[in-house]
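**Student:** So that we are looking at the same thing, I have put the structure below in structure tokens.
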């Protein structure tokens, strides 16, 4: 697979299929990108499991935090890696030991390991590298288009605004 460019259908299928996400490197600090992503994905209806050994046993965005992937008490569909690229092999090694294995390993912006991507794909796991699920969800759902950002998705439909929380997202 070409990991320099992903089809929107590939990203959309992942975001539609995934129900639970382990965010490795989630931060309790509300100014960190991993905090924003954790909160956003929870708000969009995903079950999120923050993974941060220094914060294990406490909550991030109302979700219990775990020290490792192995400590999460139920299967996860996706592992989102919010750590530097050198940490990827160790995290993926842990993910491959999960039963059942996750369906997707997603590496955040700036995180890439082509060799590990090959190992994951051989194991039947979908891979996304150097992308953010929050940004991709917002782009594909049209949410970031509200602020004038070119989301590379054309639609003739005008969003219908209503009172309260606005959700034109991918999830039904």
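**Student:** Determine, for each peptide in 52-62, 33-43, 121-131, 1-11, the mean count of other beta carbons within 10 angstrom over its residues, then list the peptides with the highest first. If you can, show how the numbers build up before the last one.
**Tutor:** Working: 52-62: 14.0, 33-43: 19.6, 121-131: 16.1, 1-11: 11.9.
Result, highest mean first: 33-43, 121-131, 52-62, 1-11.
**Student:** Multiply the residue gap between residue 9 and residue 121 by 0.36 nm, knock off their C-alpha separation, and tell me the result in nm, one decimal place.
**Tutor:** Working: separation 112, 0.36 × 112 = 40.32 nm, distance 1.78 nm.
Separation in residues times 0.36 nm, less the Cα-Cα distance, equals 38.5 nm.
**Student:** Kindly identify the stretch 22-110 as rounded, prolate or oblate by the Cα gyration tensor criterion: order the square roots of the eigenvalues as a ≥ b ≥ c, call it rounded if a/c is under 1.5, otherwise compare a/b with b/c, prolate if a/b is larger, else oblate.
**Tutor:** Rounded, since a/c falls under 1.5.
Where a number appears in this text, it was derived from the coordinates with a stated rule and is not lab data. Values in this document were obtained by computation on a predicted structure and should not be read as measured data. Neighbour counts are summed over all protein chains in view; Cβ atoms, including those assigned to glycine, are modelled from backbone coordinates with ideal geometry.
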